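Visitor: Before anything else, here's the structure in question.
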Amino acid sequence: MQSLSNRSKQVVHKEMTFMERIYLPAIIKGMATTLRHFFKKSNTLSYPKEKKAFAPVYRGWHVLKRDEQGRENCTACGLCAVACPAEAITMEAAERNKGEEGLYREEKYAAVYEINMLRCIFCGLCEEACPKEAIFLTDRIVPSDYVRQNFIFGKDMLVEGITPDTRIDVTVRQKHIQEKN
Amino acid sequence: MILLYDFAMIAQKMGLISVLFALTLGVAAYATYGERKIAAFFQDRLGPSNAGPWGLLQPVADGIKMFTKEDFIPNQSEKWLYILAPGAFIFVALMTSAVIPWGTTLTLFGLNMDLQVTNVNIGILYIMGFVSLGVYGIMLGGWASNNKYSLYGAIRASSQMISYELAMGLSLIAVIMLSGSLSLRTIVDQQAGFHWNVFYQPLGFIIFLTCALAECNRAPFDMAECETELIGGYHTEYSSMKLGFFLFAEYINMFISCTVISCLYFGGYHFPGLNPDWLGGLMGPMILLGKAFFFIFVFMWIRWTLPRFRYDQLMHLGWKALIPLSIVNMLLTGAGALLFGK
């Protein structure tokens with residue numbers, strides 16, 4: 001069969017030559033290799049003390065954004081659920097009542113919004129599909145759990161807070177999406 | 001007057017023995033740290049770094065751990081032999097340093113002190129004798145545990161040590177033929193300047209180094225405790241400080257064999273351009289320790305480079321390669337000594 005990688009080698013069971021049989025050249029060669037590694041810089045991070053920065057394109061735990069006045073951006077159009085290749089997103093739409101203008105930006109909003117974090121493949125197609133800049137993937141890691149049920153994240157886990165310190169910054173991600181679109 | 005002299009002599013020797021004891025234990029403790037750190041560097045890791053600065057307190061932490069762990073004695077074991085074995089092993093390991101000449105004379109407060117516990121004229125024979133006694137600790141430990149893995153480990157260790165002692169002794173004979181003396185002090189002093197034995201005995205040195213690795217049960221000859229096959233080998237059933245003694249004694253053995261190698265082949269406390277009498281005689285021990293530390297590093301370097309030999313390969317190497325080679329080396333040395341006068 002034809003080799004595609006050109007890396008395969010024919011195995012030969014030939015008698016070892018004298019130089020091979022006294023081992024020493026091979027041992028010295030091996031020791032030179034390990035000595036080179038001795039002076040190499042270690043790749044280890046002392047994890048809790050040092051942390052590696054995430055890549056700017058990292059896609060983790062989703063956030064449902066609010067606008068500057070603290071109103072939810074999501075209008076429950078369902079485009080994200082349609083775009084989702086893993087069928088992880090479901091939602092139920094509801095009409096905004098009088099007096100709720102401070103909570104929701106437009107007349108329609110998502111009363112229930114659920115992402116199944118076990119189904120989600122973190123592809124980011126939902127944020128590309130969203131016409132309202134409501135959903136973004138952030139650099140937060142989805143926490144682990146023992147119970148499968150707990151991985152269905154509702155609005156309590158997804159919508160960001162209103163106060164400035166509970167807001168979640170997605171400017172880098174936002175720019176990335178805009179460039180893509 | 002004679003009594004007073006004797007007392008001073010005994011006090012002096014006691015002092016030297018205590019210092020040596022502390023030094024050997026200290027070096028062995030920090031060899032464990034060095035081993036882990038060096039292993040880490042060879043594998044592009046960091047090694048112990050949390051206990052103290054750069055992990056320097058790691059041996060202390062390990063010691064506390066060893067002392068406070070449960071001391072377990074299996075029901076089916078030979079209880080007294082089981083307790084005796086680690087003690088016998090570490091005792092033998094500590095005894096060997098008595099004949100090593102650490103330096104010339106130490107001048108302290110106007111007193112002259114011989115930097116060798118005892119200058120017996122059969123020093124090297126004494127070391128060989130005690131090294132071969134070391135196998136008893138392993139054998140007793142393995143047998144008394146009443147565990148088949150321990151027994152396998154002990155049998156392997158003892159057959160390996162017996163096989164390699166032959167080649168070791170034969171390569172030593174070549175050195176003794178050159179020096180004409182069994183006294184380590186004489187052997188070392190003959191290498192003053194740069195007349196190191198390794199230049200006259202390169203083959204003998206390689207054989208001796210290989211055998212020393214095998215005698216210390218170090219990789220690539222750590223048959224006695226190859227984890228993949230024998231769990232822990234002869235110390236599988238041991239825990240707490242009994243296990244600590246076994247592990248410690250191995251590092252002591254390594255330190256002593258590194259000093260012996262330095263004495264036999266690398267001029268001991270002599271180094272060209274440095275006088276061992278400097279610093280009131282402290283220069284000698286520093287040179288010897290420097291050489292010994294270098295060889296400890298080489299031992300670890302070999303351990304983290306070479307994979308373990310298979311048991312039959314080990315026996316093959318010992319009996320069919322090293323022993324004939326060392327006999328050839330002996331004959332060549334004899335011929336050389338006859339022809340060239342040294």
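What follows is calculated from the coordinates using simple rules that are stated; it is not laboratory data. In this text the structure is predicted, and so the values were computed from the model without any measurement. When we count neighbours, we look across all protein chains shown, and the Cβ atoms used for this are built from the backbone with ideal geometry, even at glycine.
Visitor: If I model a spin label as a point 7 Å beyond the Cα along the Cα-Cβ vector, how far apart are those points for A:E95 and B:S181 in nm?
Guide: 11.2 nm
Visitor: Which three extents, in whole angstrom, do the alpha-carbon atoms of the protein assembly as shown cover along their principal axes, largest first?
Guide: Taking the Cα atoms of the protein assembly as shown, the three principal extents are 113, 71, 57 Å.
Visitor: Neighbour counts of other C-beta atoms within 10 Å: give me B:C258, A:C120 arranged from fewest to most.
Guide: Ascending number of Cβ neighbours within 10 Å: A:C120, B:C258.
Visitor: For the residues A:L158, B:L170, A:L4, what sequence is obtained by ranking on other C-beta atoms within 10 Å, fewest first?
Guide: With the fewest neighbours first, A:L158, B:L170, A:L4 line up as A:L4, A:L158, B:L170.
Visitor: Within region B:187-262, report the chymotrypsin sites (Phe, Trp or Tyr not before Pro) that DSSP leaves as loop and that have at most 16 other Cβ atoms within 10 Å.
Guide: B:F194
Visitor: List the cysteines in chain A whose Cβ has no other cysteine Cβ under 4.7 Å from it.
Guide: Cysteines of chain A left without a disulfide-compatible partner: A:C74, A:C77, A:C84, A:C120, A:C123, A:C130.
Visitor: Using +1 at the C-beta of Lys and Arg and -1 at the C-beta of Asp and Glu, which of A:C80, A:T33, A:L103 has the Cα lying farthest in the positive direction of the dipole of the protein assembly as shown?
Guide: Value: A:T33.
Visitor: Using the 10 angstrom Cβ neighbour count as an exposure proxy, how do A:C77, B:C263 rank, fewest first?
Guide: A:C77, B:C263
Visitor: Would you work out the relative contact order for chain B, in percent, from Cα pairs under 8 angstrom that are 6 or more residues apart?
Guide: Relative contact order for chain B comes out at 23 percent.
Visitor: Which value in deg cm²/dmol, rounded to the nearest 500, describes the helix-derived mean residue ellipticity at 222 nm for chain B, given -39,500 (n - 2.57) per DSSP H run of n ≥ 4 and division by the residue count?
Guide: The per-residue figure over chain B is -21500 deg cm²/dmol.
Visitor: Still on this structure, please answer the following. Within straight cross-link reach of B:K79, meaning Cα distance under 18 Å, which aspartates and glutamates are found once same-chain residues fewer than 8 apart are removed?
Guide: The qualifying aspartates and glutamates are B:E70, B:D71, B:E237.
Visitor: Mean Kyte-Doolittle hydropathy of 0.0 or higher plus an axial Cα length of 18 Å or more: which whole DSSP H helices in chain B meet both?
Guide: In chain B, the long hydrophobic H runs are B:2-42, B:79-95, B:123-144, B:148-179, B:202-215, B:240-265, B:283-303, B:323-340.
Visitor: If you put +1 on each Lys and Arg Cβ and -1 on each Asp and Glu Cβ, how big is the dipole of chain A around its Cα centre, in Debye rounded to 20?
Guide: 1480 debye
Visitor: Could I ask something else about it? If you place +1 on the Cβ of every Lys and Arg and -1 on the Cβ of every Asp and Glu, how big does the dipole about the Cα centre of the protein assembly as shown come out, in debye to the nearest 20?
Guide: 1080 debye
Visitor: Please state the charge dipole magnitude for chain B, taken about the Cα centre, from unit charges on C-beta atoms (+1 on K and R, -1 on D and E), reported in debye and rounded to the nearest 20.
Guide: In total the dipole reaches around 320 debye.
Visitor: Along the charge dipole of chain B, pointing to its positive end and built from +1/-1 on Cβ of Lys, Arg, Asp and Glu, which listed residue (B:M66, B:S145, B:I206) has its Cα farthest out?
Guide: The one lying farthest along the dipole's positive direction is B:I206.
Visitor: Using alpha-carbon pairs under 8 Å, 6+ residues apart, how would you state the relative contact order of chain A in percent?
Guide: 23 percent.
Visitor: Another question about this same structure. Name the shape class, rounded, prolate or oblate, that the alpha-carbon gyration tensor gives for region B:1-150, where a ≥ b ≥ c are the square roots of its eigenvalues, rounded holds for a/c under 1.5, and otherwise prolate holds if a/b is larger than b/c and oblate otherwise.
Guide: oblate
Visitor: Here's something else I'd like to know. Say a paramagnetic label sat at a point 7 Å from the Cα of B:F67, along Cα to Cβ; which residues of region B:231-257 have their backbone N under 18 Å from it?
Guide: B:239-249
Visitor: Moving on to the next point. Name the lysines eligible as straight-distance cross-link partners of A:K155: C-alpha to C-alpha under 24 Å, and not fewer than 8 places from it in the same chain.
Guide: Within the straight-line limit of under 24 Å, A:K155 reaches these lysines: A:K65, A:K98, A:K108, A:K132.
Visitor: Can I ask one more? Can you spot the lysines whose alpha carbon is less than 16 Å from B:K69's alpha carbon? Ignore those fewer than 8 places along the same chain.
Guide: Partners found: B:K242.
Visitor: With n ≥ 4 as the cut-off for DSSP H runs, can you work out [θ] at 222 nm for chain A, using -39500 (n - 2.57) per run divided by the number of residues, rounded to the nearest 500?
Guide: Rounded to the nearest 500, it is -6000 deg cm²/dmol.
Visitor: How far apart, in nm, are two points set 7 Å out from the Cα along the Cα-to-Cβ line at B:K320 and at A:E179?
Guide: A separation of 6.5 nm, rounded to one decimal place.
Visitor: A further question follows. With the dipole of the protein assembly as shown worked out from charges on the C-beta (+1 for Lys and Arg, -1 for Asp and Glu) around the Cα centre, which of A:A55, B:G26, B:F194 lies farthest toward the positive end?
Guide: Of A:A55, B:G26, B:F194, it is B:F194.
Visitor: Measure nothing but the geometry: give the 0 to 90° angle between the long axis through the Cα atoms of A:24-38 and the longest principal axis through the Cα atoms of chain A, rounded to 10°.
Guide: Taking the Cα atoms of chain A, the angle to A:24-38 is about 30 degrees.
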